[in-house]
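Q: So that we are looking at the same thing, I have put the structure below in structure tokens.
The values are calculated or read from the model by the stated rules, or taken from the named source; none is laboratory data. In this text, all values refer to a predicted model and were calculated from it rather than measured experimentally. Every residue, glycine among them, receives a Cβ derived from its backbone with ideal geometry; neighbour counts consider all protein chains shown. When the accessible area is computed, the model is the full protein with side chains, heavy atoms only, and any ligands, DNA or RNA have been set aside. Shrake-Rupley method; radii C 1.70, N 1.55, O 1.52, S 1.80 Å.
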Protein chains: 2
Amino acid sequence: MHLLLFSNSRSPDGSYLTHAREPLRALAGERRKTLFVPFAGVTTSWDDYTANVGKSLAPLGLELTGAHTVDAGAADRYDLILVGGGNTFQLVAECRRRGWLQAIAQRVRAGTPYSGWSAGANLACPTLCTTNDMPIVDPGGFDALGLIGFQINPHYTNALPAGHQGETRNDRIAEFLVANPAATVVGLPEGDWLAGDGKRMTFHGPHAGYVFRHGQAPVELRDGMAVDQAALPNPR
Amino acid sequence: MHLLLFSNSRSPDGSYLTHAREPLRALAGERRKTLFVPFAGVTTSWDDYTANVGKSLAPLGLELTGAHTVDAGAADRYDLILVGGGNTFQLVAECRRRGWLQAIAQRVRAGTPYSGWSAGANLACPTLCTTNDMPIVDPGGFDALGLIGFQINPHYTNALPAGHQGETRNDRIAEFLVANPAATVVGLPEGDWLAGDGKRMTFHGPHAGYVFRHGQAPVELRDGMAVDQAALPNPR
């Protein structure tokens, strides 16, 4: 498999997907026929979402088709799959309802490169259980594509607004690991991404990430580190 | 019905449930036999959770029984129901699996007073869809008790940690309202609560809350205002 999973779409300078262009160019190679999955978009139309992503990625020369305009049976027409961010619950609900969950997993396992950001990175995980999104619709099951063996928490930060008494992100991830003690979670800060073949995934980007496991201290991830390297039991 | 729904458990001074004592005393009246529902607790044991709540509410003289220690068939032994905060998904999953969803709804509709905070306030809503919690387990359906006709967003704030590019709370609520355009959401800031009979609910507490409806500007709620008053179409 060929996977490229971004924490988020906004680059540190506020521009849209610009930090994703060079990694996406490397992933795409000579491929142009691109399936764009816009179903996580809630407050913009899927047509507009597809057009905006196409505009931002224009330097790569990709030809984007929105998954809302074609049948999942046509998945083999495309040789690159991009999944945009938004609401993970709606993304999974629509992909499931339209047959895209199975169709995408099959194509990606057969070699079609996959990239997603935010909800699109969550979709590559075994389940949607480490999304930050509000559960605005029932996704009909929490299982996702399962292209990687661990969970991603996108937009990772442990900060809270001043004075707020809700759970921190680390509290939430710790709760997930109590309920799912065999799981591994990678906290992926904004601006960072993971790349690899699904078995071996490498961490990239400007901010340190963390690997979380039940009963262990979080292990720091730095640019260029493999997730499995960092996920070795903490010597402390 | 007699409902008392708190945003959260921590009082503004950081102490546990102290801001809830006087409203709870008024709700309980002479009632002592209390069912405490601890299933939202993830990182503390349900025994400990029940004991801690009992300790904090000791001045009220309530006799707490943890719902994990009895069968849902025994619901009619109790004349007050308290539901603690934590993870809403686990709360709904455990209540559903053990038969408490039906048993509690039936008792409360028959007149047993109900109070809950955070996840326990979400449980009183039609669905869990406006929780802030991470979906750590599949609740087997997003429906909840439906004791009130609108959704509560507990721990309401629209602040983000500095530099963070994820959705604000208002963005999330707007997404929910696009997916559920007939719904009403009350953003309930920490320290605030709603009290009433289910049909008429009154807002209380030190911080302004907001009523959110699809396509309308948020309407402010102040101490003593009825939610339906505030939910009238905004004249702007």
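Q: Distance from the Cα centre of segment A:23-93 to that of segment A:130-187, in angstrom?
A: Here the two parts' Cα centres lie 24 Å apart.
Q: How much of the pair distance distribution for segment A:1-71 lies past 14 Å, counting alpha-carbon pairs only, in percent?
A: 64
Q: Quick one: work out the % antiparallel among DSSP beta bridges in chain A, nearest 5.
A: Within chain A, antiparallel bridges account for around 50 percent of the total.
Q: Helix B:88-97 versus the longest principal axis of chain B: what is the Cα-based angle in degrees, 0 to 90, to the nearest 10?
A: Roughly 50 degrees between the two axes.
Q: Work out which residues of segment A:72-97 lose at minimum 10 square angstrom of accessible surface when the other protein chains are put back, relative to the chain isolated, with a 1.4 angstrom probe, and list them by number.
A: A:GLY86, A:ASN87, A:PHE89
Q: Apply the Karplus parameterisation 6.51 cos²θ - 1.76 cosθ + 1.60, with θ equal to phi minus 60°, to every residue of segment B:181-194 and state each ³J(HN,Hα) to the nearest whole Hz, in sequence, with x for glycine and proline.
A: My calculation for segment B:181-194 gives x, 8, 7, 10, 10, 9, x, 10, x, 4, x, 9, 7, 10 Hz in order.
Q: Shifting gears a bit: To one decimal in nm, how far is B:GLY61 from the same spot in the other copies, if labels go 7 Å from Cα toward Cβ? Please give the shortest first.
A: Here B:GLY61 shows inter-copy label distances of 8.3 nm.
Q: Loop-only trypsin sites (Lys or Arg not before Pro) in segment B:115-219, please: DSSP not H, G, I, E or B, and at most 16 other Cβ atoms within 10 Å.
A: Sites meeting the loop and neighbour criteria: B:LYS199, B:ARG200.
Q: Using a 1.4 Å probe, what is the accessible area per residue for the protein assembly as shown, in Å²?
A: For the protein assembly as shown, the per-residue accessible area is 39 Å².
Q: Per-residue ellipticity at 222 nm for chain B, helices alone: DSSP H runs ≥ 4 residues times -39500 (n - 2.57), over residue total, nearest 500 deg cm²/dmol?
A: -6500 deg cm²/dmol
Q: Moving on. Show me, for segment A:59-75, the HN-Hα J-couplings you get by feeding each phi into the Karplus relation (A = 6.51, B = -1.76, C = 1.60, θ = phi - 60°), rounded to Hz, glycine and proline as x.
A: x, 8, x, 6, 9, 8, 10, x, 5, 6, 9, 9, 8, 4, x, 8, 4
Q: So who's got an amide H within less than 5 Å of the one on B:LEU80, skipping anything under 5 residues away but keeping other chains? H placed 1.01 Å off N, in plane.
A: B:LEU35
Q: Please list, or write none, the lysines whose alpha carbon is within less than 17 Å of the alpha carbon of A:LYS55, excluding same-chain residues fewer than 8 places away.
A: Partners within reach: A:LYS33.
Q: Further, regarding this structure: Calculate how steeply helix A:100-109 sits against the longest principal axis of the alpha-carbon atoms of chain A, using the helix alpha-carbon long axis, and give the answer as 0 to 90 degrees to the nearest 10.
A: Here the helix axis deviates by roughly 80 degrees.
Q: Which of the residues in segment B:146-188 show a loss of at least 50 Å² in accessible area from their chain by itself to the complete set of protein chains, at a probe of 1.4 Å?
A: B:PRO161, B:HIS164, B:GLN165, B:ARG172, B:GLU175
Q: Report the residue, chosen from B:ALA40, B:ALA208, B:ALA20, that carries the largest GNM mean-square fluctuation when chain B is represented by alpha-carbon nodes joined by springs under 10 Å.
A: B:ALA208
Q: Compute the angle between helix A:46-56 and the longest alpha-carbon principal axis of chain A, please, reported from 0 to 90 degrees and rounded to the nearest 10.
A: For A:46-56 against chain A, the angle is about 80 degrees.
Q: For chain A, set up a GNM with springs between Cα atoms under 10 Å and report which of A:PRO12, A:PRO126, A:PRO161 has the largest fluctuation.
A: A:PRO161
Q: For segment A:134-144, what does the Karplus curve 6.51 cos²θ - 1.76 cosθ + 1.60, with θ = phi - 60°, yield as ³J(HN,Hα) per residue in whole Hz, taken in order and with x for Gly and Pro?
A: 7, x, 6, 9, 6, x, x, x, 8, 5, 10
Q: In Å², rounded to the nearest 100, what is the total accessible surface buried by chains B and A against each other with a 1.4 Å probe?
A: Looking at B and A, the buried total is near 3200 Å².
Q: With a 10 Å cut-off between alpha carbons and a GNM built on chain B, which of B:GLY86, B:GLY29, B:GLY111 moves the most?
A: Fluctuation is largest for B:GLY29.
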